[in-house]
Structure formats: structure tokens, C-alpha cells
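Input: a single structure, listed below in C-alpha cells.
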Amino acid sequence: MSQQIDHLLNEDRRFAPSPEFAKNAIVGPEIYDDANSDRVRFWGEQARDLLHWHKPFSDVLDWSNPPFAKWFGDGELNVAYNCLDRHVEAGRGDRVAYHFEGEPGDTRTITYAQLTDEVKRLANVLTELGVGQGDRVAVYLPMIPEAIASLLAIARLGAVHSVVFGGFSADSLRARIDDAGAKVVITADGGYRKGRPSALKVNVDEALSDRGEGVQATVEKVLVVRRTEQDVEWTDGRDLWWHDAVPAASADHEAQPFPSENPLFILYTSGTTGRPKGILHTSGGYLTQAAFTHKTVFDLHAETDVFWCTADIGWVTGHTYATYAPLANGATQVLYEGTPEFPEPGRWWDLIEKYGVTIFYTAPTAVRSFMKQGREIPQKRDLSSIRLLGSVGEPINPEAWMWFRDVIGAGATPVVDTWWQTETGAIMISALPGVTETKPGSAQVPVPGVAIDVVDEKGDHVGNDAGGLLVATEPWPAMLRGIWGDPDRFVDTYWRMFSDKGYYFAGDGARRDADGDVWLLGRVDDVMNVSGHRLSTAEIESALVAHEATAEAAVVGGSDETTGQAVVAFVILKESFLKTNTAEGLAEELRAWVGTQIGAIARPRDVYIVDELPKTRSGKIMRRLLRDVAEGREVGDTQTLADTSVMSVITKQVR
Ligand code: WTA
């Protein structure tokens, strides 16, 4: 790793904004001084400028009971009103909110007025189904306009959404429904992916069945969008079709104000222990920082720009930058249902050309897979509308950054590398495209109003040209407000490590270069980053061990050219199974098993069947050594192993 870092830090290419870009930019360098002179006043101004408050706040930040923050605590607003009605009332109802394109090629153009109408009807339907302030609603949908409408309608009622990624299994869905105590599920018959309709409703049915455990799910109603027209089972009294209920509902619905700290959503993310954590976000602070960063980091000119964030709504990026922030800012977006390869590689570039996308925000894993396919594919399309590129999800290698800028950005477009997390709610570290001289591979500087640092294990600032742990030293408006139902775990996970300083620990390693710019180095805990998605080793290990053939399992992240990291599993089988099965057959079966237990994204790239796992005397699995094996390196120091011969046996078995 350290060699790699040195290499990174010797990266000396620099790209200043063009004078033209800087001149037209939404913000200039003075914004940093403004924010630094008084962070709290600064955020108060942003909240007033960017949002409509039904009841103005007088108190910006209440940090009297850390780490439980209140932002704009005595203010009241309606998140959906901010994203919809106020634009229509200001005469911008005809502006396109979304250019939607389904994977099979069906399209819909949805204006702000139309989206507002749909959301009002849906809000009436949900009210009818018994959803009110504080109730939880699970959303399990493909990337279709109904997904966006669902989030907004739930928010409009002051209820709380919990989106479950459509690629997750029935098991994952049920665990999330149970944890949140969801009352309603919104789903679809299926969605299109890689040219095929993939089923969703059937997973909901399975998730809600008693599954032999005799425990009833909390869900009372299931609202179903018809998308693929595949056959579905129907539970009378519980299930209802969207196309029956929503168009028939009244389009009159007045948005009520809710307190700034009213919960807005829960989103589950992997932690170091097995159980996913329900990250809780609230309303006013979240929307303020979302809108602020979207406007400044992406230099949004709402009247002329066409913004496309490729993230699925199942991840936080889809919440903040494909839904809330762009809508709050009145932007026009592209929404695409499917994969970049269908019907052939280049589909994304076709969409950029077709809709004249000006700002394009995606993940390094996607950029790397395009690099592999070759520049000929994007070069066949007219991408000249693009004026800004963004990256998120994992460190972007300088080569991928350069390729992105050269091939997609015609060698001239600024690239902003944005660091943030489900927990931070919105972008925390990024260049500002009209201000910062960018460096390929570095996220660089905190956004105005955000305070971050790189510290050593005692929490002391490491200075320039040094590495350490990334922390936030001050509360920020979009910060998570907790872990659903588990305040102790919230304090333990994020605030215990530097409790004497009151710092938030992000779980990432970072380095400052000689200029003080920040370079992200990846997770320091047992969380992997596969294609920009966080997966916990413990969660996948639990799934492996749940298979009847498995005696013990250890999972590590091995580096992977395309996905950043890949899941690599080491499994000890029960003796009885090896007698009747081949190791290869079982390895394949276990890969598929993880796919059905958690979802395809968690399926291991490699499953190695081994006789033993490396353990310390206290019985802890030494993942560091397995990582060496997974990456084909010489195995590191084995002195603390209980049995030092284990590693040579494992290495032989793996080869
Ligand atoms: C990683 C996604 C380097 C990081 C918004 C973080 C990044 C985790 C970057 C959060 C970036 C995200 N450079 N690493 N620009 N962006 N990460 O919760 O390890 O899905 O902790 O949020 O992704 O992933 P999450």
C-alpha cells in the first residue's frame, strides 16, 4: 500500500479551471472565507437562501448534547414542497424534472407540474393506507419515475422511507422491513435489467411470508407498480395496484410543515459487525447541505443544465443527488432504468447525446469498465454538451481520472472527485470546479462550511505530507442523526474512537500531501468497497456459514481492476459434504448462495475451499494474511498465529 501511496503523491499533473469556466461559475474563492469566518452563520444563510421554511428558524445549531445534533431545530418545512410545489408556484411548472428512459427504450418526459400532481395523488393514497407522520414505508423499486414519486410522497406526509436496493434478496428486504417496522411496501412487478425483466414482487411476497418462523411482518399494505407486466401472485386485502389507486386519487393535497428534525429516511449500510445499520437522516439540515453542495460542487445553472447522476436510488447517492438535491434546486435530470451495456456498450453515451447532458456524475468502477471497452465507443457519440464531470464511491485512480477528463470531457472538462458517505448525507470533500486547481486522484479540500482533518490514533492533526485517519471535527447539517433504534451503536461506531475530542470517525484512511490536500486511501475497518458499494465481511461470512455445507468462513476484499475490490472467501467445509461433492462444485454453489442470501452484488469473485483459517491465539481470524493470499502477494508476518504452518498450507491449497 505505501508504495502505491507514494506513487499517488508524486502525481504532479494540475488542472486549473479555464478562465471562461471560472468567470461563469456559481461561486468564487471568496466563499471559503465567508464560511470560515463563522460556519454556523454560514449554514443559517444557506438554509434560508436555498429552502422555503414554513416557519423560520431562529436557532441554527444545537450541539448541547453531542453527538446528537439539532440543525435549524425550531424551524418547520416540508421537504416535498421544497422539491416540487414551490417551483410550480414560481411559474416553473413546465420545466422538465426528469427525462426518463427505461432500459427497453420507453421514454417519459416529466415536468415539475406533472411530478407534483403525481406526488399529491400518491400522498392521498398513502394517507388512505394509514401512513402518517413518523410511519416507515419500505420502497423496493427499479429506477423508474414512480420511485422518485414514492420518496417525495412519503416525505410530504412527514413519514420515513427506507429504500431497499432492488438487487437485494427477500432475506435482506425482510431484515430491513423488520428493523424499521415498516407499515407499507411500495414495489413493482419487476424491472428491466440487462435486457430481461427481473422480478421484485415475488421477493416481497417471500419476504412477507411467515417463512416458517411464525413471525408476522409489520407490513399491512403493498402498493405495486406495473412495469414489466410479468405474472404476479396477489394477496387480496393487502396488495393494490398503483395504476388503480393513484390516478383515481385526488390531486389536491396541501403540504403540511414538519419540524426540521423530523426523520426523512433510513438507509441501511454495512458495518463492521454483521447486522446492517439503519442510518437515520432528518429534514432541514439534510436538504440544506444536499442543495448547497449540488449547486456549488456541480456549478448548477438550473435553467440550462441537464444533470445526470447514474446512481441507483437504492444507495445514498441516488437519494441525495438523483432525487432531493437536484429537485430542491429545480434542476432538469436524466433518469435511466438499466445497465450501461444494454443493448450494447455505449448506451450511457447515447443518453448523454440524446438529452444533452451537461453535468455527469458517476463512479470510478464505471469509468474503469469503460476504459476497458476502449475509447472508440464513447468517441462515436457527440458528448460535446458535457461541461463538468463528477466521481463518487471510492478513490478514483489518477489514470481513470485522466481518461474520464480526456475521453468523456474532451480533455477540457473539470472533474470533481467527491468524498462522502451514507452517514454524511451529502458531499464533504471536493474541489469546487470554478475555483480549485484539481489533481487527478485527490478529493482535495472540504466543501465550504465543513470541517475535516487527518489525525493520528490519538486524534492529533498529522500535518502535511503524512497519513492517518479521516475525521470530521465539527458537526455538519446533513450528518446522520443516529442508527435506527440503536443510539448506543451510533455513539460506539462513530464517536467512541475520538470521544475526548468530539470527532466523528469516518472509517477511512487518508493522507495529506505537501499542499495539505486530502487523498483518500480506503476503509481501515472490515468493510469492503465493491463497485463503490459498501459490503461488510461479517455479513457475507454469516451468509456463507448459513449454508449447510459450511463449517467456517472468512471473507476479505481483494483488489480488482474493475470493481476496486472483489469479495474473496475462504471456506472450511463440513467433512461430510466433501465426501459427496467436489470442492469446485461446492465453491460454485456457495457463490450462488451468497447471491440469493444477500444479493448479486455480494457474490464472491473467488471461493477457496481450505482446511484451516489463520487465527491468533485468542482465536481472531487474521484477515491481513488472507488478503495477501487473495492478492497473490507474499504472505506477511505470521508470528502472532497460533499455528504458523497454516499459511503455507492455505497458500498451497489456493494455488
Ligand atoms: C468510499 C457513498 C474515496 C469511502 C457516497 C467511504 C470514497 C465510503 C469516495 C462510503 C471518494 C466514497 N474517494 N473514497 N470520492 N466516495 N468513498 O456510504 O470509503 O456507500 O467511507 O457512500 O465509500 O460509501 P457509501
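GLY338 meets each of the listed conditions (1) in contact with a His (Cβ under 6 Å, 6 or more places away or on another chain); (2) not in a helix (DSSP H, G or I) apart from (1).
Taking first residues from the range 79-96 that are under 22 Å from TYR286 (Cα atoms) and partners that are outside any helix (DSSP H, G or I) and open to solvent by 60 Å² or more (accessible area, probe 1.4 Å), the Cβ contacts under 8 Å between residues at least 6 apart in sequence or on separate chains come to TYR81/HIS52; TYR81/HIS54; ASN82/HIS52; ARG86/HIS52.
Mind counting the residues in the range 17-26 that are part of a loop (DSSP other than H, G, I, E, B) and either modelled with pLDDT under 95 or closer than 16 Å to THR438 by Cα (or both)?
Keep residues of the range 17-26 that are part of a loop (DSSP other than H, G, I, E, B), which gives 17-18, 25-26.
Adding the requirement that they be either modelled with pLDDT under 95 or closer than 16 Å to THR438 by Cα (or both) leaves 17-18, 25.
Residues in the range 17-26 being part of a loop (DSSP other than H, G, I, E, B) and either modelled with pLDDT under 95 or closer than 16 Å to THR438 by Cα (or both): 3 in total.
Note on the range 227-246: residues that are touching a helix residue (DSSP H, G or I) at 6+ places or on another chain (Cβ under 7 Å) and exposed (fewer than 15 other Cβ atoms within 10 Å of the Cβ) amount to 1.
On the basis of being under 17 Å from ASP525 (Cβ atoms) and open to solvent by 20 Å² or more (accessible area, probe 1.4 Å), does THR493 make the cut? Yes, satisfied. State yes or no: is ILE148 assigned to a helix (DSSP H, G or I) and either modelled with pLDDT under 95 or crowded, with 18+ Cβ neighbours inside 10 Å (or both)? So ILE148 passes the test. As for the range 347-362, it holds at least one residue that is away from the ligand (no atom under 16 Å from the Cβ), buried (at least 21 other Cβ atoms within 10 Å of the Cβ) and either more than 20 Å from ILE386 (Cα to Cα) or under 19 Å from the mean Cα position of the chain (by Cα) (or both). Only one entry of PRO440, PRO395 meets the criterion of being within 16 Å of the ligand (Cβ to nearest atom) and open to solvent by 20 Å² or more (accessible area, probe 1.4 Å), and that entry is PRO395.
Is there a residue in the range 241-255 that is among the aromatic types (Phe, Trp, Tyr), in a loop (DSSP other than H, G, I, E, B) and without any contact (Cβ under 8 Å) to a residue 24 or more places away in the chain? If you could, list the steps in order and put the result at the bottom.
As a first pass, look at the range 241-255 and keep what is among the aromatic types (Phe, Trp, Tyr): 241-242.
From what's left, in a loop (DSSP other than H, G, I, E, B): none.
Within the range 241-255, not a single residue is among the aromatic types (Phe, Trp, Tyr), in a loop (DSSP other than H, G, I, E, B) and without any contact (Cβ under 8 Å) to a residue 24 or more places away in the chain.
Just to be sure before I move on: is ASP525 part of a loop (DSSP other than H, G, I, E, B), open to solvent by less than 50 Å² (accessible area, probe 1.4 Å) and either small (Gly, Ala, Ser) or within 16 Å of the ligand (Cβ to nearest atom) (or both) in the structure I sent? In short, yes.
Residue-by-condition table, conditions (1) within 15 Å of the chain's Cα centre (by Cα); (2) within 12 Å of the ligand (Cβ to nearest atom); (3) farther than 30 Å from ALA80 by Cβ:
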site: ALA311; (1), (2), (3): yes, yes, no
site: GLY330; (1), (2), (3): no, no, no
site: GLU376; (1), (2), (3): no, no, yes
site: ARG381; (1), (2), (3): no, no, yes
site: LEU388; (1), (2), (3): no, no, no
site: ALA400; (1), (2), (3): no, yes, yes
site: PRO414; (1), (2), (3): no, no, yes
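Residue by residue, here is whether (1) crowded, with 17+ Cβ neighbours inside 10 Å; (2) more than 13 Å from the ligand (Cβ to nearest atom); (3) part of a strand (DSSP E or B) holds:
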| residue | (1), (2), (3) |
| --- | --- |
| SER499 | no, yes, no |
| GLY509 | yes, no, yes |
| TRP519 | yes, no, yes |
| ARG534 | yes, no, yes |
| VAL556 | yes, yes, yes |
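The values are calculated or read from the model by the stated rules, or taken from the named source; none is laboratory data. From a predicted model like this one, the values you see are computed outputs, not experimental measurements. Heads up, the Cβs are rebuilt from the backbone with ideal geometry, glycines too, and the neighbour counts pull from every protein chain shown. These area figures cover heavy atoms from the full protein model, side chains too; ligands, DNA and RNA do not enter into them. Shrake-Rupley method; radii C 1.70, N 1.55, O 1.52, S 1.80 Å.
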